[in-house]
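Some notes on the structure that comes next.
Values in this text are rule-based calculations from the coordinates and carry no lab data. This structure is a prediction, so every number in the text was calculated from the model and none was measured. As a convention, Cβ positions derive from the backbone with ideal geometry for all residues, glycine included, and neighbour counts pool all protein chains shown.
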Amino acid sequence: MRLISGGSIVSAEAVWDHVTMANRELAFKAGDVIKVLDASNKDWWWGQIDDEEGWFPASFVRNGHLEPGAECLCLGRSVQNRDQMRANVINEIMSTERHYIKHLKDICEVPGAGAHLGHTWDTPGTGTHLGGSGYLKQCRKRRDMFSDEQLKIIFGNIEDIYRFQMGFVRDLEKQYNNEDPHLSEIGPCFLEHQDGFWIYSEYCNNHLDACMELSKLMKDSRYQHFFEACRLLQQMIDIAIDGFLLTPVQKICKYPLQLAELLKYTAQEHSDYRYVAAALAVMRNVTLQINERKRRLENIDKIAQWQASVLDWEGDDILDRSSELIYTGEMSWIYQPYGRNQQRVFFLFDHQMVLCKKDLIRRDILYYKGRIDMDKYEVVDIEDGRDDDFNVSMKNAFKLHNKETEEMHLFFAKKLEEKLRWLRAFREERKMVKEDEKIGFEISENQKRQAAMTVKKVSKQKGVSYSKSVPPAYPPPQDPLNQGQYMVTDGISQSQVFEFTEPRRSQAPFWQNFSRLTPFKK
């Protein structure tokens, strides 16, 4: 695409609404035309609508890419020295934080300008007089309109975010140098609060549910009038409530951009340099992990369909404890006390491994044969040779040992390469469990219900009738005979997610097609 150019004016069209969080940001709605005045930063541009100027995300507009070979677009803006540029970035970060706090206050409860003036507002169609407080506080007053569960879905943990941000901003203010902003040392503040930013994971994971719930409510004009009255009372810009609730998602994604810009204008000899570099790495990791968990939640419908396709399912749904298929493959298996050697297909999830058997005739059909609680087992690597416990000759083998009951499972992979992949997958499973515990990641009951409803819809559309003994849940598998591209890695880049589409082939079993959702590569 090319910038729309006409003389000295360069314009771009807004694709999405942009909710402002600072007085130097430019608010607009989808379809607005923005005069682009400075595109020297590839992520945030400076633009103008009517008499208003401000920053806006370049990704929110179309026809907003630079001409081939053009390194920047700077119209009428002078080149400034590094200290001045660093001061500008620092001031921008401080300004953004202060206005973000006000934004959170408007959503949660704190009186706005209208309240100070003694204004009240009649909510059309609801018979309610609103005082000067934000969306959430007003919603809590209307028990006839909102249940506690609905408010939890709509607003998530935004009050926790508000409290965290107030502490973060207080510490930022202490590090801010009013006289010489470029000397400010804000990197350590990000590092000291790095664990606190994980609360955004819960909010971002809940955001899709919030949008769905709001969409249902907005079909009733009472709710439309109610939310609009709240917005007008707080004198907030003309954007619907779902736009305001999007801002924490935008905010956590903006931190790496701001820190990258700050690092660019921070000299290596500056006392803040190594702290800003470390803070950038931390915040990139936070956003990466939030995106990864969002991807996992988006996959639960497909995982629920997988479980519904497994015949003779028993016990709890996969989703009751797990949220990700880590690895799958076919191996020989012996269970102590000294059972016979059996061929099974294994699906390793976080917290558990599911055992299935292929139908003797229809090889695309799986039967449920049990599961192993990975929280109770440890993995034991075994050298090739004779095993005294099982009295068998072993090659490419490993064991799962129950730390409580001393039970033992013995597994044989067909090749050494496959065994090594399994051992690495087990390490990844433990790592994932610890990270999820750290940030409190889990699938909500509402998300589980949505996945169950999706399974029912799909089964009706396809004319499939699943047995009532087969509950809805989820997991994705892979063909163990062609596993090279599914190697578990220690780190997953966003570019690797959902890149497993392959050319059309003859119809493969449903559970094998699901393997392409697994994000781990060799």
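Here are the numbers for this structure:
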{"item": "Segments 347-357, 362-372, 85-95 sorted - mean Cβ within 10 Å per residue, highest first", "result": "347-357, 85-95, 362-372"}
{"item": "15 Å cut-off, amide nitrogen to a point 7 angstrom out along Lys395 Cα→Cβ, residues in the stretch 309-353", "result": "332"}
{"item": "Spin-label model distance (nm) - Asp388 vs Ala278, 7 Å beyond Cα toward Cβ", "result": "4.9 nm"}
{"item": "Estimated FRET transfer efficiency (Arg362, Ser332; beta-carbon r; R0 22 Å; 0.05)", "result": "0.55"}
{"item": "Computed lengthening from Lys431 to Glu192, 0.36 nm per intervening residue step minus Cα-Cα distance", "result": "83.7 nm"}
{"item": "Amide N of the stretch 354-377 lying under 16 Å from the label point, which is placed 7 angstrom from the Cα of Leu311 along Cα→Cβ", "result": "356-370"}
{"item": "Extension gain from Glu53 to Arg140, taking 0.36 nm per residue of separation minus the Cα-Cα distance", "result": "27.6 nm"}
{"item": "Under Karplus coefficients 6.51, -1.76 and 1.60, residue-wise ³J(HN,Hα) of the stretch 376-388 in Hz, glycine/proline x", "result": "9, 10, 10, 8, 10, 6, 10, 6, 4, x, 8, 9, 6"}
{"item": "At R0 = 35 Å, FRET efficiency that the Cβ-Cβ distance of Lys415 and Asn446 yields, to 0.05", "result": "0.20"}
{"item": "Potential extension, Asp381-Asn178 segment - 0.36 nm per residue separation minus Cα distance", "result": "67.1 nm"}
{"item": "Part-to-part distance (alpha-carbon centres) for the stretch 295-337 and the stretch 232-283, which is given in Å", "result": "38 Å"}
{"item": "Hz values of 3J(HN,Hα) by residue in the stretch 150-157 - Karplus curve (6.51, -1.76, 1.60), Gly and Pro given as x", "result": "4, 5, 5, 5, 5, 9, x, 9"}
{"item": "Mean Cβ neighbour count within 10 Å, used as a protection proxy, ranking 254-263, 320-329 highest first", "result": "320-329, 254-263"}
